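Structure, as structure tokens:
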Amino acid sequence: DRKKAVDFSHPYYQTTQTVITIKGSKAATAKTIADLQGLSIGAAVGTTSYDAITNVIKPTTKPLAFNSNDDAKAALVAGQVDAIVVDLPTAFYLTAAELDGGIIIGQLAGTTSGDQFGLVLDKGSKLTAKVNAALDELVKDGTIKKLEDKWLAGYAGAPVLQ
């Protein structure tokens, strides 16, 4: 729907989906996707995070859907779910700054194109093609990777779950 109103550049950053929990949760000791399948897991409705639960984790019970990440986080704190799924940068922020005893269980393999970040331009902008060409060159020459490694969370501290 947004593409009808604005132009988007090619993506310059793609995230993985990541499972998080809090100390004391049933999910706190999970090390594999199989360990998560019998647990109660939630995410914001209509997101790539929710899709990752159903398509990658494939839990034995229906995932819980929340209106927002804040609602999912509140449910986790209240013990209504054992874990939640969010994108990797959000996982780092929530577990470090907002959740007491927050734990990153791990990234979900195969979800590297879950959320894509790009630039927004006016619909039909004459700059869209030029911005895309510049971004493509920055990806090709390794500049984006260097910036990602320096300034974005990267993958340290977030193992990939199998």
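Inside segment 23-41, can you point out the residues that are touching a helix residue (DSSP H, G or I) at 6+ places or on another chain (Cβ under 6 Å) and surrounded by 20 or more Cβ atoms within 10 Å (Cβ to Cβ)?
Within segment 23-41, ALA30, LEU36, ILE41 qualify.
In segment 121-133, is there at least one residue being under 21 Å from GLY157 (Cβ atoms) and of a type outside the set (Lys, Arg)?
no
With the condition kept exactly as written, say whether any residue in segment 101-120 is over 20 Å from THR29 (Cβ atoms), in a strand (DSSP E or B) and among the hydrophobic types (A, V, I, L, M, F, W, C).
Looking through segment 101-120, at least one residue is over 20 Å from THR29 (Cβ atoms), in a strand (DSSP E or B) and among the hydrophobic types (A, V, I, L, M, F, W, C).
Contact list please: Cβ distance under 9 Å, first residue in segment 2-28 and among the charged types (D, E, K, R), second residue part of a strand (DSSP E or B) and buried (at least 21 other Cβ atoms within 10 Å of the Cβ), pairs at least six apart or on different chains.
LYS26/ALA83
Only one of (1) touching a residue at least 60 places away in the same chain (Cβ under 8 Å); (2) within 30 Å of LYS123 (Cβ to Cβ) is not met by GLY46, so which one is it?
Going through (1) touching a residue at least 60 places away in the same chain (Cβ under 8 Å); (2) within 30 Å of LYS123 (Cβ to Cβ) one by one, GLY46 breaks only (1).
Quick check on segment 1-22: of everything there that is of a type in the set (A, V, I, L, M) and under 14 Å from LEU161 (Cβ atoms), which residue is surrounded by the most Cβ atoms within 10 Å (Cβ to Cβ)?
Among them, the one singled out is VAL19.
Has segment 149-157 got at least one residue that is modelled with pLDDT under 85, out of contact with any Leu (no Cβ under 9 Å at 6 or more places or on another chain), farther than 17 Å from GLN14 by Cα and not aromatic (Phe, Trp, Tyr)?
Scanning segment 149-157, I find at least one residue that is modelled with pLDDT under 85, out of contact with any Leu (no Cβ under 9 Å at 6 or more places or on another chain), farther than 17 Å from GLN14 by Cα and not aromatic (Phe, Trp, Tyr), so the answer is yes.
Specify the residue that is most open to solvent (accessible area, probe 1.4 Å); the eligible residues are those in segment 52-73 that are farther than 12 Å from ILE84 by Cα and of a type outside the set (S, T, N, Q).
Filtering first and then ranking leaves LYS62.
Residues of segment 36-54 being closer than 22 Å to PHE117 by Cα, out of contact with any strand residue (DSSP E or B) (no Cβ under 6 Å at 6 or more places or on another chain) and outside any loop (DSSP other than H, G, I, E, B), which ones?
Within segment 36-54, just ASP51 meets the criteria.
The values are calculated or read from the model by the stated rules, or taken from the named source; none is laboratory data. In this text, all values refer to a predicted model and were calculated from it rather than measured experimentally. Cβ sites come from the backbone with ideal geometry, for glycine too, and all protein chains shown count toward neighbours. Note: accessible area is taken over every heavy atom of the protein model, side chains too, but ligands, DNA and RNA are not part of it. Shrake-Rupley method; radii C 1.70, N 1.55, O 1.52, S 1.80 Å.
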